[in-house]
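Asks: My structure is below; once you've seen it, I'll send some questions.
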Amino acid sequence: MDGKEVIMKSLEHNWRYLTNALDGLTQEEFAWSPGAECNSIAFVLWHTARVEDFFIQRAIKRETAIYEAEGWQKKLGTPDKMYGFTLEELQAWKAPALEDLRSYANAVREKTMAFLNSIPAAKLDEVPRPDRSPDSIGTSLTGMATEIALHVGQICYLRGMQRGLDK
């Protein structure tokens, strides 16, 4: 198995965990936060999809992110930035409808997998933005997959806080 296949398998595996964690949630559970300085499942999912969108579309392909290109910011009613929220901004953040946010995450994942299916494994060694980062495509994808795994774990934990084992 080459590096590209490992990254794709990791993303597929994370997607299964994410899908299972989101299945059956109510909008209230989706938007629930365990504390004033904590994120909801909705916020973590939104951030995760934005990170994947950014890594693939902007950092690697040097194209407009799906979030902007397909009007998801307006559809979801969410802010432009992904990082650096103040406590006040975090507390004011409104969770979009679960199915709308899942649709955005699905659109991002479809484009990610199409991109990964389209590139030869040797391309992972290329540096797409030497003016901004010395990281190769493979290094960027590895970082993206790791961040997604971390956030999917957070989502699973938040669901568990609300539903326990949810047998």
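The values are calculated or read from the model by the stated rules, or taken from the named source; none is laboratory data. This structure is a prediction, so every number in the text was calculated from the model and none was measured. We place every Cβ from the backbone using ideal geometry, glycine too, and count neighbours over all the protein chains shown. Each accessible area value is taken on the protein alone, full model and side chains, heavy atoms only, with ligands, DNA and RNA left out. Shrake-Rupley method; radii C 1.70, N 1.55, O 1.52, S 1.80 Å.
Asks: Can you find a residue in the range 12-30 that is outside any helix (DSSP H, G or I) and farther than 30 Å from residue 166 by Cα?
Replies: No, there is no match, as no residue in the range 12-30 is outside any helix (DSSP H, G or I) and farther than 30 Å from residue 166 by Cα.
Asks: Look through the range 1-11, keep the residues that are among the aliphatic types (A, V, I, L, M) and part of a helix (DSSP H, G or I), and return whichever of them is farthest from residue 115 (Cα to Cα).
Replies: 6
Asks: Okay, next question. Hey, any hits in the range 92-107 for a residue that's in contact with a Leu (Cβ under 6 Å, 6 or more places away or on another chain), more than 19 Å from residue 48 (Cβ to Cβ) and not polar (S, T, N, Q)?
Replies: no
Asks: Here's something else I'd like to know. When only residues in the range 32-56 that are polar (S, T, N, Q) and touching a Ser or Thr at 6+ places or on another chain (Cβ under 9 Å) count, which is least open to solvent (accessible area, probe 1.4 Å)?
Replies: 40
Asks: Okay, next question. Has the range 57-78 got at least one residue that is open to solvent by 40 Å² or more (accessible area, probe 1.4 Å), free of Cβ contacts under 8 Å to residues at least 40 places away in the same chain, closer than 23 Å to residue 161 by Cβ and not β-branched (Val, Ile, Thr)?
Replies: Within the range 57-78, not a single residue is open to solvent by 40 Å² or more (accessible area, probe 1.4 Å), free of Cβ contacts under 8 Å to residues at least 40 places away in the same chain, closer than 23 Å to residue 161 by Cβ and not β-branched (Val, Ile, Thr).
Asks: Further, regarding this structure: When residue 42 is evaluated against the numbered criteria (1) free of Cβ contacts under 8 Å to residues at least 60 places away in the same chain; (2) more than 23 Å from residue 13 (Cα to Cα), which criterion, by number, is the only one it fails?
Replies: It fails just one condition, (2).
Asks: When the range 31-53 is examined, which residues are found to be within 16 Å of residue 101 (Cα to Cα) and either assigned to a loop (DSSP other than H, G, I, E, B) or hydrophobic (A, V, I, L, M, F, W, C) (or both)? Break it down stepwise before answering.
Replies: Let us first name the residues in the range 31-53 that are within 16 Å of residue 101 (Cα to Cα), namely 31-32, 39-53.
Answer for the range 31-53, where residues must be within 16 Å of residue 101 (Cα to Cα) and either assigned to a loop (DSSP other than H, G, I, E, B) or hydrophobic (A, V, I, L, M, F, W, C) (or both): 31, 32, 39, 40, 41, 42, 43, 44, 45, 46, 49, 51.
Asks: Next question, about the same structure. Only residues that are surrounded by fewer than 12 Cβ atoms within 10 Å (Cβ to Cβ) and over 22 Å from residue 146 (Cα atoms): list them for the range 79-93, please.
Replies: 80, 86, 87, 88, 89, 91, 92
Asks: A further question on this structure: Of the residues 123, 81, only one is touching a Gly at 6+ places or on another chain (Cβ under 9 Å) and of a type in the set (D, E, K, R); which? I'd like the intermediate steps shown before the answer.
Replies: Details: 81 fails: touching a Gly at 6+ places or on another chain (Cβ under 9 Å).
The match here is 123.
Asks: Take the residues of the range 47-74 that are under 14 Å from the mean Cα position of the chain (by Cα) and small (Gly, Ala, Ser): which is nearest to residue 8 (Cα to Cα)?
Replies: Per the stated criteria, the residue is 49.
Asks: Hey, can you tell me all the residues within the range 106-143 that are farther than 12 Å from residue 60 by Cα, of a type in the set (S, T, N, Q) and under 17 Å from the mean Cα position of the chain (by Cα)?
Replies: 106, 142
Asks: Checking residue 29 against (1) surrounded by 15 or more Cβ atoms within 10 Å (Cβ to Cβ); (2) closer than 23 Å to residue 129 by Cα; (3) of a type in the set (Asp, Glu), only one condition comes out false. Which one?
Replies: Of the numbered conditions (1) surrounded by 15 or more Cβ atoms within 10 Å (Cβ to Cβ); (2) closer than 23 Å to residue 129 by Cα; (3) of a type in the set (Asp, Glu), the odd one out for residue 29 is (2).
Asks: Let me ask another. Write out, first by first residue and then by second, each pair whose Cβ atoms fall under 8 Å of each other, whose residues are 6+ apart or on separate chains, and whose first residue, in the range 103-127, is open to solvent by less than 30 Å² (accessible area, probe 1.4 Å) while the second is not in a helix (DSSP H, G or I).
Replies: 107/70; 115/61; 124/136
Asks: Among the residues of the range 132-150, write down those that are open to solvent by 30 Å² or more (accessible area, probe 1.4 Å) and within 24 Å of residue 67 (Cα to Cα).
Replies: 132, 133, 135, 139, 142, 143, 146, 147, 149, 150, listed by residue number.
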